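Comments concern the structure below.
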Amino acid sequence: MPWEPESNSLTDTEREVYGWQLPVAGFGEAGQERLKRASVLISRCGGLGGMVAYELAAAGIGRLILAHAGRIKPSDLNRQLLMTEAGLGQSRIESAARRLRELNSRLVVVPVAENVSAANAERLVAEADLVVDCAPLFEERYALNRAAVRLGRPMVECAVYELEAHLTTFLPGQTGCLRCQYPEPSTAWTRRFPVFGAVSGMAGSLAALEAIKVLAGFGRPLAGRLLTFDLREPSFRCYTLRRDPQCADCAGWPPASRTAADAAMRPERAGA
């Protein structure tokens, strides 16, 4: 059955905590209640995904499913703000879960000490209303994309490299998917790559806002558009993305019968 919070209504404490964002045009208490009911899967919770998780926790998301294997290393600390020196050698995902609960005790955190793969992607995506892909390797990204398309889940896609970042949002039945954008994996993309933590932080904050807009049903997400920025300049560009009618993952997907916000808030779930 779909996850539900103990109460769908805001408490007095929640109104106080989120008092700075409730007056945002088009958001209001209805938007905040949608966030409270929402469950988000984040694939990899490092420099990029950790910032997404932090901002969603701060914004009042109800439940976060965090998938990330491994233990904290010294090289994580330049950008992974949910990790600490005191946690070196310990589980990354447990450190992230602990730090997020310290920020928001109302948040339900589901730590999964695994990276996304073809073996677990559909099971993890089925538990979420929306997916945020922060994985570095195309094998993981493709597995997540296939599961999101198959189960009809919106997916926010973000990536960073050096001082650059790419960000978009895929809505099944309305836009293309990751495979449309990258039919073949990039051979230049590796597990370890150059990046500043500040770049991951900025991209992660923008990705979190994309998730908030889709889930709360306000603003204009980057559906069908790719935002890129190069902070060396700095420069920002937005490109139109086209759906590939021959895409191996999303070709033939039926048109969405609900709005993106409705689909994100309570999609049909496998086995429900």
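The values are calculated or read from the model by the stated rules, or taken from the named source; none is laboratory data. Keep in mind that what you see is a predicted model, and the values were worked out from it rather than measured. Note that each Cβ is placed from the backbone with ideal geometry, even for glycine, and that neighbours are counted across all protein chains shown.
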All but one of (1) farther than 22 Å from G62 by Cβ; (2) out of contact with any Pro (no Cβ under 9 Å at 6 or more places or on another chain); (3) surrounded by fewer than 23 Cβ atoms within 10 Å (Cβ to Cβ) hold for V110; which doesn't? (1)
Residues (assigned to a loop (DSSP other than H, G, I, E, B), surrounded by 10 or more Cβ atoms within 10 Å (Cβ to Cβ) and not hydroxyl-bearing (S, T, Y)) located in the range 1-18: P2, W3, E4, P5, N8, L10
Counted residues, the range 32-61 - those being crowded, with 24+ Cβ neighbours inside 10 Å, small (G, A, S) and in a helix (DSSP H, G or I): 4
Qualifying position, being in contact with a Lys or Arg (Cβ under 8 Å, 6 or more places away or on another chain), over 19 Å from G49 (Cα atoms) and modelled with pLDDT of 95 or more, among A216, A223, A261, A248: A216
Leading residue by the ranking (farthest from E29 (Cα to Cα)) among those in the range 62-82 that are at pLDDT below 95 and either crowded, with 24+ Cβ neighbours inside 10 Å or of a type in the set (S, T, N, Q) (or both): S75
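For every residue, the table says whether it meets (1) buried (at least 17 other Cβ atoms within 10 Å of the Cβ); (2) among the hydroxyl-bearing types (S, T, Y); (3) free of Cβ contacts under 8 Å to residues at least 12 places away in the same chain; (4) more than 29 Å from N78 (Cβ to Cβ).
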{"position": "A159", "(1), (2), (3), (4)": "yes, no, no, no"}
{"position": "A165", "(1), (2), (3), (4)": "yes, no, no, no"}
{"position": "F170", "(1), (2), (3), (4)": "yes, no, no, yes"}
{"position": "C180", "(1), (2), (3), (4)": "yes, no, no, yes"}
{"position": "P183", "(1), (2), (3), (4)": "no, no, no, yes"}
{"position": "A207", "(1), (2), (3), (4)": "yes, no, no, no"}
{"position": "V214", "(1), (2), (3), (4)": "yes, no, no, yes"}
{"position": "F236", "(1), (2), (3), (4)": "no, no, yes, no"}
